[in-house]
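Inspection log for the structure reproduced underneath, given as structure tokens.
None of the figures in this text is laboratory data; all of them are computed from the coordinates on show. The shown structure was predicted, so the numbers you read here are calculated from the model rather than taken from an experiment. Because the Cβ atoms are built from the backbone with ideal geometry, glycine has one as well, and the counts that use them run over all protein chains shown.
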Amino acid sequence: MNPMIPAYMSKRFFSSTFALLLVMPLAAQAPLQAQTPLRVAAAADLEPVLPPVLAEFEHATGIHAEATYQASAMLTTQIENGAPFDVFLSADLGYPKHLIDDKLADTAGSADSITPITYAKGTLVLWARKDSHLPTPSLDLLHDANLKRLAIANPDRAPYGRAAVAALTALNLYDTLKPRLVTAENISQAAQFADSGNADAGLISLTSATTQRLQSDGTYFMIPRNLYPPIEQGLVIVTNTRQRAAAHQFLDFLLSPAIQAEFAKSGLAPAK
Amino acid sequence: MIAMDWQALALSLRLAALTTLILLAIAVPLGAVLVLARARWLAAVEALATLPMVLPPTVLGFFLLVLLGPRTAVGRGIAALFGHPLAFSFSGLVVGSVIYSLPFAVQPLVAGFAAIDPALIDAARLLGAGPVRLVRTVLLPLARRSLLAAAVLSFLHTIGEFGVVLMLGGDIPGATRTLSIVLYNQVENFDYTAAGRTAFLLMGMSVIALAVIYSAARRQQVWTRRRGGEHA
């Protein structure tokens with residue numbers, strides 16, 4: 001073999017590589033699922049909250065549920081285009097309402113058939129790292145001239161982003177702080193911006209702030225509820241679901257007092 | 001045309017041009033070393049230079065966000081050097097883009113250099129050409145198509161870059177809001193008309209630019225071949 005030509009140019013190398021590529025998908029085939037799981041499309045802010053709830057649901061009913069976490073807008077687009085979800089837990093009421101209007105989702109036969117079912121309410125907090133050079137979070141922190149970068153979620157689509165802008169506007173601070181805002185794609189990313197220290201503070205969800213990691217890294221201040229419109233989180237059943245009975249069971253489970261109390265512990269206020 | 005964000009377009013072009021220049025300055029010597037030197041451990045270097053393709057872009061962006069942030073020594077060093085942290089700034093995007101597009105600059109050059117007849121390289125060496133001269137007068141002229149491919153791929157890959165910018169950028173108009181972010185925002189906000197227009201313009205411009213570049217390359221190739229024919 002020509003010493004100038006590297007080993008990976010040889011014919012034997014190519015044939016063995018291609019053989020490997022052909023065999024790999026066969027070896028990696030997933031074991032067959034005994035039963036189709038209940039597929040839950042869940043807003044990104046539920047990522048720290050929902051996994052134990054799904055486990056309890058399986059324990060109580062024997063129904064295995066799997067969640068996909070994404071921005072509510074993204075999930076809405078996916079459902080509009082036929083994504084095989086059974087239940088949609090949004091971070092607001094607007095997106096699921098959009099799906100109801102398009103006859104792609106429904107409210108499981110509740111009295112009000114055009115409004116998504118509120119399953120929880122979000123809480124906006126101001127969060128900063130403990131080792132920050134700025135004072136501990138309070139409304140005064142937002143007035144601090146040393147606050148150079150404040151992370152918020154995208155106000156065009158993330159409900160917490162809208163709430164953040166509403167709160168800043170109510171405090172007459174929006175115009176001052178606008179050049180210092182860094183916009184994250186969703187509320188979890190806003191938390192990452194602040195937790196990684198790249199932003200001095202962040203207006204994030206209480207669900208993020210009460211995760212173990214953020215609790216050990218920083219402190220938060222609850223933005224007074226009168227400063228922003230309520231972040232009502234709505235759910236709908238995807239009309240095309242083949243597991244309607246299971247979906248209804250899941251809905252009842254979420255609204256049960258036990259789960260509502262669990263939500264409260266992880267930073268979501270109860271629906272009622 | 002109203003919905004077209006010219007500021008974002010200019011920013012994307014500036015980012016892609018700067019990234020391409022830096023990448024070529026890195027990838028030409030790196031590619032030459034990978035092909036000319038025979039040390040075994042260089043395989044590890046080549047593997048590392050290809051690694052950015054394996055990581056999902058948003059994950060790569062997240063790692064960079066943490067690495068360049070004030071909680072690491074690297075991040076603090078950079079902040080001391082530049083006077084500001086790199087995240088959420090144009091310079092931060094340049095760093096991210098260079099890492100993200102590195103394989104797209106290195107791979108074509110390695111393939112192009114490796115395809116050159118080793119006899120020519122040996123002859124040049126025997127005639128006393130040092131490594132720099134070898135690259136300048138033998139490797140690069142003979143691997144022109146690969147150089148072009150490396151430049152074009154780096155440029156386009158940076159224009160279309162999204163995940164890294166999303167994590168590292170913070171969507172600041174004029175500094176980090178690139179055209180792909182604008183396009184994504186339009187799609188996410190259900191503004192499909194504007195998104196379609198932006199995507200169409202972006203693709204149209206790219207096709208025209210590529211056609212111009214490739215037709216110039218083709219003309220030169222035909223011309224070289226003809227000249228070669230006359231000599232034979």
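How far apart, in nm, are the 7 Å Cα→Cβ label points at A:GLU66 and B:ALA44?
For A:GLU66 paired with B:ALA44, the spin-label model returns 3.8 nm.
How big is the protein assembly as shown by Rg and Dmax over its Cα atoms, in Å?
Considering the protein assembly as shown through its Cα atoms, Rg and Dmax are 27.3, 90 Å.
How large is the convex hull of the Cα atoms of region A:228-272 per residue, expressed in Å³ as a whole number? Write down the numbers at each step before the final one.
Working: hull volume 3.9 nm³, N = 45.
Convex hull volume per residue, Cα atoms: 87 Å³.
For chain B, what relative contact order do you get, as a whole percent, if you take Cα pairs closer than 8 Å and at least 6 residues apart? Working shown, then result.
Values: 250 pairs, mean separation 71.6, N = 232.
Averaging sequence separation for qualifying contacts and normalising by length gives 31 percent for chain B.
If you take all C-alpha pairs in region A:124-222, what percent of them are over 22 Å apart?
On the way: 727 of 4851 pairs.
Tail fraction, whole percent: 15.
Report the number of Lys pairs in chain A whose alpha-carbons are under 28 Å apart, with separation of 8 or more residues or on distinct chains.
13
Could you work out the percent of alpha carbon pairs in chain B separated by over 30 Å, rounded to a whole number? Show your work: numbers first, answer last.
Details: 9731 of 26796 pairs.
In whole percent, the long-distance tail amounts to 36.
Distance from the Cα centre of region B:70-111 to that of region B:118-182, in angstrom?
16
What residues have an amide H closer than 5 Å to that of A:LEU38, excluding those fewer than 5 places away on the same chain, when H is modeled at 1.01 Å from N in the peptide plane?
Placed amide hydrogens put A:HIS64, A:ALA65, A:GLU66 under 5 Å from A:LEU38.
Quick check: the angle from helix B:192-231's long axis to the longest principal axis of chain B, C-alpha only, nearest 10 degrees?
Helix B:192-231 sits roughly 10 degrees off the main axis of chain B.
Give the Debye-formula value of log10 I(q)/I(0) at each listed q (0.09, 0.12, 0.17 Å⁻¹), with one equal scatterer per alpha carbon of chain A, two decimals each.
Calculated log10 I(q)/I(0) at the listed q: -0.51, -0.77, -1.23.
Can you give the mean number of other chain Cβ atoms that lie within 10 Å of the Cβ atoms in peptide B:170-180?
Values: counts 13, 6, 6, 2, 0, 0, 2, 1, 0, 0, 0.
What the average comes to for B:170-180 is 3.
Quick one: which residues, 5+ away or cross-chain, put their amide H under 5 Å from the amide H of A:ILE231? H built at 1.01 Å from N.
Here A:GLY122 satisfy the definition.
Mean Kyte-Doolittle hydropathy of -1.0 or higher plus an axial Cα length of 15 Å or more: which whole DSSP H helices in chain A meet both?
On the way: long enough: A:11-27 (24 Å, 1.24); A:50-61 (16 Å, 0.34); A:159-170 (16 Å, 0.71); A:244-255 (17 Å, 0.64).
Flagged H segments are A:11-27, A:50-61, A:159-170, A:244-255.
If Rh is defined by the Kirkwood formula over all Cα pairs and Rg also comes from Cα, what ratio Rg/Rh do you get for region A:166-261? Don't jump to the answer; show the numbers that get you there.
Details: Rg = 17.7 Å, Rh = 16.4 Å.
Ratio value, two decimals: 1.08.
Gaussian network model of chain A, Cα springs within a sub-10 Å range: biggest mean-square fluctuation belongs to which of A:LEU254, A:LEU21, A:LEU177?
A:LEU21
Of A:ALA120, A:PRO155, A:LEU214, which is farthest towards the positive pole of region A:118-216's charge dipole, taken about the Cα centre with +1 and -1 on the beta-carbons of Lys, Arg and Asp, Glu respectively?
A:ALA120
Could you go through region B:57-70 in sequence order and give the Karplus-derived ³J(HN,Hα) for each residue, using 6.51 cos²θ - 1.76 cosθ + 1.60 with θ = phi - 60°, rounded to whole Hz, and x for Gly and Pro?
x, 5, 5, 4, x, 5, 4, 5, 4, 6, 4, 7, x, x
For peptide A:185-198, what's the mean number of Cβ atoms from other chains within 10 Å of each residue's Cβ? Present the calculation step by step, with values, prior to reporting the outcome.
Numbers: counts 10, 0, 0, 0, 7, 1, 0, 5, 7, 0, 3, 12, 10, 14.
Per residue, the average neighbour count from other chains is 5.
Using a Gaussian network for chain A with springs between C-alpha atoms less than 10 Å apart, which of these wobbles most: A:ILE237, A:ILE152, A:ILE223?
In the Gaussian network model the winner is A:ILE223.
Label-point separation (nm) for A:GLN215 and B:ALA79, each offset 7 Å from Cα along Cα-to-Cβ?
Roughly 2.7 nm, to one decimal.
Using modelled amide H (1.01 Å from N, peptide plane; none on Pro or chain starts), what sits under 5 Å from the amide H of A:ALA153, excluding residues fewer than 5 places away?
Excluding prolines and chain starts, which carry no amide H, the hits are A:GLY161, A:ALA184.
Using the per-residue mean of other Cβ atoms lying within 10 Å as a proxy for protection, in what order, highest first, do the peptides B:37-44, A:63-70, A:258-265 fall? Before the final figure, lay out the partial values.
Working: B:37-44: 10.2, A:63-70: 17.5, A:258-265: 14.9.
Peptide ranking by packing, descending: A:63-70, A:258-265, B:37-44.
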